Structure formats: structure tokens, C-alpha cells
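The values are calculated or read from the model by the stated rules, or taken from the named source; none is laboratory data. Predicted model only: the values in this text are computed from it and were never measured. Counting neighbours? That spans all protein chains shown, and the Cβs are built from the backbone with ideal geometry, glycine included.
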Amino acid sequence: MSDERRAVVADLLERARYFATLTDIGLPTAARPAAADSSDASVPGRALQASDSPAQHRPPAGESHVQIRDDIGDCQRCKLSPSRKTIVFGQGSPNARLMFVGEAPGADEDEQGLAFVGKAGQLLTKIIEAIGMTREDVFIANVLKCRPPGNRNPEPDEIIQCQPFLERQIESIRPEVLVGLGKFGAHWLLKTAEPITRLRGRLGEYKGIKVMPTYHPAYLLRNPGAKKEVWEDMKVVRDLLAR
Ligand code: SF4
């Protein structure tokens, strides 16, 4: 068999393995959320101060997640605070080479205080495993740390207020690759408003870190046919990490 044929067969096998992992998407038994970052354990109260602004809670370089979590405190900086149950800081390895950025917590995440633990989170787990990693290897966070009521879209003022925390998390982790999940994750990282259908699969950059925009797992639950595009995107991510 020629090298070219061998490569095609290997690719087909790989695709088959990937799709095999996705057949039970959404079943609760698939969930394997990572342990919460130890920095999540305590939430010291911190009331909103009139002087608070994104620029004023900017970090010193190289700070730990404990410091960032302490700074978030019982955050009241935007209008989501009264309706949220839990601040979802994000979780995973503080030394992750790969970091995912989603949109905002949903109902399950708001209950449990962990990112991506609902059905979309279970699918994300499978996507991570399909490239030979585990949730413990990566870090998963959202543009917003509090659930918008009724899972509505994040609003610009909320994104602006919450932005410094995600900036600080990325600065602290310094991953090699960032994956922007869905429109909000991709737009936040790439500072663009291009539709995700045009953005996905095209590598960009955030402060010198490679960014792969792709579809949000919640979108894949509604549109399973788009899984093949996410697989193409994740293969690029896997290859970047293999270098
Ligand atoms: S979404 Fe962000 S800025 Fe708004 S209250 Fe929650 S942690 Fe604070």
C-alpha cells in the first residue's frame, strides 16, 4: 500500500474511532468532570465598590489562580450577580497546554459551580478524549463566570466587567493553544464579530497564543452533523500540541 493510501486509511480509522466515542452523547454515565481547582474552595465575600472597574482589577503577571479567585470574591461587578447561584471559576490543570473558552455557565454549572458539566460538557469531555487528553490535562473556562438568566446570551456590559478575570486566567496558565467554543468564546479571544461559521477552523492568535475557533458543544447537540467539522478543528489542535 502506498504512503498516501496508508494515510487515508489511518485518517478514516481515526474518524471512525472519534465518531464511535460520540454515539452516546448526552448520557449521564459519560460525565467525568475534573476536580475543581483548589482555589474554588473558598469564596471570601467582597462587595462591589463604586470605584471598581475592569482596569482596576488587573493583575500582576504570574499570579496564581488562588489570587484571581480571591479577587473575584463574591463578585457583584455586573448585573448577573443577583440571579446566579454559584460563581463558576473554571477548572482543570493550572499548567494546561490546552485551554477551552466557552460562553457562560448553564443551569447545571450554576448548581455545581463547575464549568461544562451538563450535556454539552459531557460532549466536550468526549471531544477532549478523542485527541488523547483528559479533562484533567486541560483548563476549561467561560467568558462569563455567572449564569445569564434563562441562559440568554451574554450582554456587552457583562462581558466587559468579567473580562479581566479570564484575561488573568489565561495569563496565569499561558497555554500553547486556546480553543474558542462557539460565537462568544471565539469572538472574545479573536476580538472579531465574524460569524462562527466563517471563523471556525481558521487559526488565529490571542496575545501570541494560537487560537482555534470551533463550534460550541451545545450547538453540536442540536446539529450533530457539525461534529465532523469540529473533528477537523481538533485534529489541527492535536497536531499543534504534538510539535
Ligand atoms: S459575571 Fe463576572 S463580573 Fe459579573 S458578577 Fe459574575 S464574576 Fe462578576
### Message
Anything in region 101-110 that is among the hydrophobic types (A, V, I, L, M, F, W, C) and crowded, with 23+ Cβ neighbours inside 10 Å? List them, or say none.
### Response
V101, A104
#### Entry: Residue, nearest to the ligand (Cβ to nearest atom), within region 76-100, restricted to residues that are crowded, with 18+ Cβ neighbours inside 10 Å and over 18 Å from Q163 (Cα atoms)
G92
### Message
Name the residue that is farthest from L98 (Cα to Cα), counting only residues in region 215-243 that are among the small types (G, A, S) and more than 17 Å from the chain's Cα centre (by Cα).
### Response
G225
### Task
Take the residues in region 54-69 that are away from the ligand (no atom under 13 Å from the Cβ) and modelled with pLDDT of 50 or more, then tell me which one is nearest to R174 (Cα to Cα).
G62
### Query
Under 8 Å by Cβ, and 6 or more places apart or on different chains, what pairs join a residue from region 144-169 that is surrounded by fewer than 17 Cβ atoms within 10 Å (Cβ to Cβ) with one that is not in a loop (DSSP other than H, G, I, E, B)?
N151/A107; N153/F184; I160/P54; Q163/P54; Q163/W188
### Query
Which of the following residues is buried (at least 16 other Cβ atoms within 10 Å of the Cβ) and touching a strand residue (DSSP E or B) at 6+ places or on another chain (Cβ under 7 Å): K235, K227, K210?
K210
#### Entry: Hits in region 173-205 - residues which are surrounded by fewer than 19 Cβ atoms within 10 Å (Cβ to Cβ) and within 20 Å of P94 (Cβ to Cβ)
R174, E176
### Summary
Matching residues in region 111-131 (within 16 Å of the ligand (Cβ to nearest atom), free of Cβ contacts under 8 Å to residues at least 40 places away in the same chain and crowded, with 21+ Cβ neighbours inside 10 Å) number 1
### Message
For the list (1) basic (K, R); (2) assigned to a helix (DSSP H, G or I); (3) under 15 Å from V101 (Cα atoms), I need the number of the one condition that K126 fails.
### Response
(3)
### Query
What about S83, is it of a type in the set (S, T, Y), at pLDDT 50 or above and in contact with a Lys or Arg (Cβ under 8 Å, 6 or more places away or on another chain)?
yes
